[in-house]
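The values are calculated or read from the model by the stated rules, or taken from the named source; none is laboratory data. Not measured: the values here are computed from a predicted model. Don't worry about glycine lacking a Cβ; one is built from the backbone with ideal geometry, like all the others, and counts go over all protein chains shown. Side chains included, ligands, DNA and RNA excluded: accessible areas come from the protein's heavy atoms. Shrake-Rupley method; radii C 1.70, N 1.55, O 1.52, S 1.80 Å.
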Amino acid sequence: MTQVTLSDFSFQYAKTTQPALSHLNLTFPSAQFNLLIGPSGSGKTTLLKFIAGLYPQFIEQPASGQIYFDDQEINSLTAMAKNHQVGMVFQNPNQQFAMDTVENELTFVLENMQVPPEQMTDMIDQALEFCEVKSLKKRLLNTLSGGEKQRVALACIVAMDPAVIVLDEPFASIDPHTRQDLIEKLKQLQLQHHKTIILADHDLSDYATVVDQVFELDPQTHQISELTSAEAQQRFEQFSQNINAQQAVLLPTDSAVKCLTLNQFSLAPHGSELIASTDFSFYQGQTTLITGENGIGKSTLFAALTKLINYQGIIDYLDHNIAKLKAKSYALDVSLLFQDAENQFLTITVGEEIALAKKYRRHFKYSDEQIQTMLSQLGLAGREEQVVYSLSEGQKKKLQIIIMLIMASPVLLMDEPLKGLDLASVQIVVSLLQQAKQLFNQTQIIISHQLTGLAPLIDLHVLFKDHQLTYQEVLG
């Protein structure tokens, strides 16, 4: 049982005019479930990385004040002692994996903990079983879905068995059932194994009856306050009012123009069938939402639609077999917004990414003034010289969306475009996507587990289930 205390703790990134965190004095109680909330870019990830001992080691930028685990100051601990005290689950699990397979990753983790080799197999199996991913033990990590990767990331922490577990928006790309299950797993770790849980999230659903304390980071003062029970309940109620109840959506009409059509299409990468032979169409000028459980193959479908992987059957784009289209011209017509924003970036700074998008854009629908307006709306104005990899995960996602909008491709596939965004940012992104659809009749196909705030954009809903794609008359 370990409590985490911050004493007059402050931090400011180099070449910035405002602190990221300012004079924090608070305690995360031991063996409690602590929820940290606040807008995108407000400093939540920065704080968690300091608690996890990753900062200042990997940024070489000093902080002032102290962080204590019980009565031990974090900087006085050896690396091994830190590993026993605290473990972190990243928002993007790819950033913490170092090996090729699930088993090798957990072995690597335990080797760093200096666990005797004869004990590793049982510890790995127990951790994977607890997180319900034992069947993935031999799988390559890069073949897993976002939800599967998050379960494996949690299994790594379970194997480490630290006193404190910090999690940075770990459910951003996870289906609702998996989300609820993992929250229950964390509660079990807290109650049965006396772990101190510190979790940052924008989505407040499922927490009201689970968390013990709620802490809010104010982006204006850069300070954190512990909310009273009444204040926390108010935040949960306000969020629940924005959650979309089931609502009717239209089915495609006979007059709808087919944009991407699957003919006798099937998908079975790695020998596992994801889509059985099917005929299916996506329609021009519509925003289509695809939902389905983690691991079912949604992202893999997008990879096939963009010619990134092999498939069986035929995919037609406006009645042209995409296998016969030149890769470069097709990529400019049918673009993919990756689930992980970093995979989209090709340059170093925010300004360079914007310039590159302008260079290769298909339409000149966005003036420089409009681009600056988008940057301002999403809190990225004045960051042109900032290295893209130093942005928060939410800021990276915002920049990624802006550069893809500037590119103005006729068809935009978006894999979890709301990942890491607070509700206010979601509403702005939805408005910008609506504008793109109106400006040049853009066809938008979206994979998203986060539906809150997304409904006003959606025209059609496809459920991916039992190896088939089916249009639904209900959203939610």
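Summary table below
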read-out	value
Kirkwood hydrodynamic radius (C-alpha pairs) into Stokes-Einstein, the range 1-109, 4 °C and 1.567 mPa s, D in µm²/s	84 µm²/s
FRET efficiency, 1/(1 + (r/R0)^6) with R0 45 Å, evaluated for Gln180 and Val257 via beta carbons	0.70
Stretchable slack from Lys365 to Val210, in nm (0.36 nm times residue separation minus alpha-carbon distance)	51.1 nm
Residue-normalised accessible area of the chain, given per residue in Å² at a 1.4 Å probe	44 Å²
Anchor Lys465: aspartates and glutamates whose Cα lies under 19 Å away (excluding residues fewer than 8 positions away in-chain)	Glu148, Asp175, Glu273, Asp279, Glu293, Asp415, Glu416, Glu473
For the range 237-367, average projected area of the Cα convex hull in nm²	12.1 nm²
At least 15 Å along the helix axis (C-alpha) and Kyte average at least -0.5, DSSP helices within the chain	102-112, 117-130, 146-160, 393-407, 423-440
Within straight-line cross-link reach of Lys187, lysines at Cα separation under 26 Å, skipping those fewer than 8 residues along the same chain	Lys44, Lys49, Lys82, Lys134, Lys137, Lys149, Lys195, Lys419
Normalised convex hull volume, the range 406-474, alpha-carbon set, Å³ per residue	107 Å³
Hull volume in cubic angstrom per residue (convex hull over the Cα atoms of the range 290-400)	142 Å³
Computed log₁₀ I(q)/I(0) - Debye formula, equal Cα scatterers, no solvent, the range 1-61, q 0.17, 0.18, 0.30 Å⁻¹	-0.63, -0.71, -1.50
Sites Gln234 and Thr17, calculated FRET efficiency, Cβ-Cβ separation with R0 35 Å, nearest 0.05	0.60
DSSP bridge orientation in the chain - percent antiparallel, rounded to nearest 5	55 percent
21 Å Cα-Cα reach of Lys358 towards lysines, excluding residues that sit fewer than 8 places from it in its own chain	Lys328, Lys396, Lys397, Lys398, Lys437
Distance histogram for the range 351-476 (every C-alpha pair counted, 5 angstrom bins, percent rounded to whole numbers)	2, 10, 20, 23, 20, 13, 7, 4, 2, 0
Paramagnetic reach from Val387 (point 7 Å along Cα→Cβ, amide N under 17 Å) across the range 41-55	46, 54-55
Contour minus Cα-Cα distance for Ala81 and Ile309 (0.36 nm per residue)	77.7 nm
Helical contribution to [θ] at 222 nm, DSSP H n ≥ 4, -39,500 (n - 2.57), averaged over the chain, rounded to 500	-10000 deg cm²/dmol
Cα centroid separation, the range 413-476 to the range 143-195 (Å)	26 Å
Electrostatic dipole magnitude of the chain [Cβ: Lys, Arg +1; Asp, Glu -1; Cα centre; debye, to 20]	1460 debye
Sequence-separation-based contact order of the chain, relative, with Cα cut under 8 Å and 6+ spacing, percent	18 percent
The range 170-211 pair-distance distribution - Cα-Cα, 5 Å bins, rounded %	6, 21, 34, 26, 11, 2
Peptides 288-296, 426-434 ordered by average Cβ neighbours within 10 Å, highest first	288-296, 426-434
Counting all C-alpha pairs of the range 50-192, share separated by more than 27 Å (%)	22 percent
Hypothetical label at Lys324: residues of the range 235-276 whose amide nitrogen lies under 20 Å (7 Å Cα-Cβ projection)	258-266
Calculated P(r) of the chain - Cα pairs past 43 Å, %	15 percent
Considering only the range 107-248, percent of DSSP beta bridges that pair antiparallel, nearest 5	45 percent
